[in-house]
């Protein structure tokens with residue numbers, strides 16, 4: 001699995017978030033006894049009320065710790081995060097409006113099929129990458145829907 005080890009954590013309060021992010025550099029390497037180095041450590045932030053509520057703090061802690069991080073939504077990147085890959089929320093809201101319209105016109109919600117998101121977006125903050133000392137490959141830059149900074 002590419003020499004990667006997933007280290008999941010649940011954090012509900014700010015102190016737990018701080019501890020979890022700070023501990024990333026202290027875990028044993030999946031390929032030997034040495035501690036993880038910045039070059040093989042990163043942070044994947046999943047969507048949720050907690051991560052949304054502590055967005056600014058998570059971005060700050062990741063930057064301070066030199067951790068490349070990928071976030072679920074564009075607004076993490078516009079707030080200073082490195083990159084996001086996730087559902088295009090504007091497109092999802094447009095689809096929600098279509099559903100609301102159908103219901104208001106009398107269609108039963110149970111009769112409307114559930115749809116999964118089909119439009120995703122990759123946003124990259126080049127200023128954040130530079131601050132982390134990262135060179136984003138041109139192939140990834142060319143795939144981005146938006147480049148910031």
Next on the checklist: I'd like the orientation of helix 55-64 relative to the chain: the angle between its Cα long axis and the longest Cα principal axis, in ° from 0 to 90, rounded to 10.
Outcome noted: 20 degrees
Checklist entry - Going by how many other beta carbons lie within 10 Å of each one, how would you line up 76, 9, fewest first? => result 9, 76
Checklist entry - Relative contact order (percent) for the chain, with alpha-carbon contacts under 8 angstrom and 6 or more residues of separation? => result 17 percent
Checklist entry - In degrees between 0 and 90, to the nearest 10, how far off the longest principal axis of the chain does helix 89-104 point, with axes built from Cα atoms? => result 20 degrees
Next on the checklist: For a quick check, take a GNM of the chain with Cα springs below 10 Å and name the residue from 46, 67, 104 with the largest mean-square fluctuation.
Outcome noted: 104
Next on the checklist: If I model a spin label as a point 7 Å beyond the Cα along the Cα-Cβ vector, how far apart are those points for residue 100 and residue 134 in nm?
Outcome noted: 3.5 nm
Checklist entry - How much FRET efficiency would the formula 1/(1 + (r/R0)^6) give for residue 23 and residue 146, where r is the Cβ-Cβ distance and R0 is 22 Å, rounded to 0.05? => result 0.10
Checklist outcome for this item: Taking a ≥ b ≥ c as the square roots of the eigenvalues of the Cα gyration tensor, with a/c under 1.5 meaning rounded and otherwise prolate when a/b exceeds b/c and oblate if not, region 98-149 is prolate
Item to check | Cβ-Cβ FRET estimate between residue 40 and residue 75, R0 fixed at 22 Å, reported to 0.05 | outcome: 0.20
Checklist entry - How big is the Kirkwood radius of the chain, worked out from every pair of different alpha carbons and given in Å to one decimal? => result 17.4 Å
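May I ask you to derive the FRET efficiency for residue 93 and residue 10 from their Cβ-Cβ distance with R0 = 35 Å, giving the value to the nearest 0.05?
So the FRET efficiency works out to roughly 0.80.
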Next on the checklist: Output the 0 to 90 degree angle, nearest 10, between the alpha-carbon long axis of helix 14-23 and the longest principal axis computed from the alpha carbons of the chain.
Outcome noted: 50 degrees
Next on the checklist: Neighbour counts of other C-beta atoms within 10 Å: give me 56, 121 arranged from fewest to most.
Outcome noted: 56, 121
Checklist entry - Rounded if a/c is under 1.5, else prolate if a/b is larger than b/c, else oblate: which is region 63-149, with a ≥ b ≥ c the root eigenvalues of its Cα gyration tensor? => result prolate
Checklist outcome for this item: When the chain is treated as a Gaussian network with springs between alpha carbons less than 10 Å apart, the largest mean-square fluctuation among 57, 94, 74 is found at 94
Next on the checklist: As a footprinting exposure proxy, order 138, 79, 23 by other Cβ within 10 Å, with the fewest listed first.
Outcome noted: 138, 23, 79
Checklist entry - When the chain is fully extended, how far beyond the present Cα-Cα distance does residue 64 get from residue 112, taking 0.36 nm per residue of separation? => result 12.6 nm
Checklist entry - Hey, can you rank 95-103, 13-21, 80-88 by average C-beta count inside 10 Å, highest first? => result 80-88, 13-21, 95-103
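Where a number appears in this text, it was derived from the coordinates with a stated rule and is not lab data. Predicted model, so just to flag it, every value in this text is computed and none were measured. Positions of Cβ are backbone-derived with ideal geometry, glycine not excepted, and every protein chain shown enters the neighbour counts.
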